[in-house]
1. Is it fair to say F16 is surrounded by 15 or more Cβ atoms within 10 Å (Cβ to Cβ), modelled with pLDDT of 85 or more and of a type in the set (F, W, Y)?
2. In the stretch 24-43, which residues are of a type in the set (D, E, K, R) and either assigned to a loop (DSSP other than H, G, I, E, B) or surrounded by 15 or more Cβ atoms within 10 Å (Cβ to Cβ) (or both)?
3. Can you run down the residue pairs with Cβ atoms below 6 Å, 6 or more apart or on separate chains, where the first is in the stretch 29-45 and among the β-branched types (V, I, T) and the partner is surrounded by 13 or more Cβ atoms within 10 Å (Cβ to Cβ)?
4. Taking the stated definitions as given, is A46 in contact with an Asp or Glu (Cβ under 8 Å, 6 or more places away or on another chain), open to solvent by less than 70 Å² (accessible area, probe 1.4 Å) and modelled with pLDDT under 85?
Amino acid sequence: MKLPVDRVFRDERVRFVLKLHCEDCALWDDTRDACAHGYPTDEHRAPRDAESDQRVVFCKDFEVA
């Protein structure tokens, strides 16, 4: 799912401590540095910061760890 990043989203991200990166997901495999299901992670990794992007991309299989 792709959502635009606007002021409201930025505020809610901080206010609700939203988790949105692969590294926050229960399916993230630290030892392999990859998704346990093998999904591509380029658009979801922590270095991609929603503060600087025009959109945020949520993984279809994201589960909060």
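The values are calculated or read from the model by the stated rules, or taken from the named source; none is laboratory data. This structure is a prediction, so every number in the text was calculated from the model and none was measured. FYI the Cβ positions are ideal-geometry reconstructions off the backbone, even for glycines, and counts take in every protein chain you see. Areas reflect the complete protein model, heavy atoms only, side chains present, ligands, DNA and RNA absent. Shrake-Rupley method; radii C 1.70, N 1.55, O 1.52, S 1.80 Å.
1. On the way: surrounded by 15 or more Cβ atoms within 10 Å (Cβ to Cβ): no; modelled with pLDDT of 85 or more: yes; of a type in the set (F, W, Y): yes.
No.
2. Once the filter is applied, which keeps residues that are of a type in the set (D, E, K, R) and either assigned to a loop (DSSP other than H, G, I, E, B) or surrounded by 15 or more Cβ atoms within 10 Å (Cβ to Cβ) (or both), the stretch 24-43 yields D24, D30, R32, D33, D42, E43.
3. Short answer, once both residue conditions are applied: T41/C22; T41/C35.
4. yes
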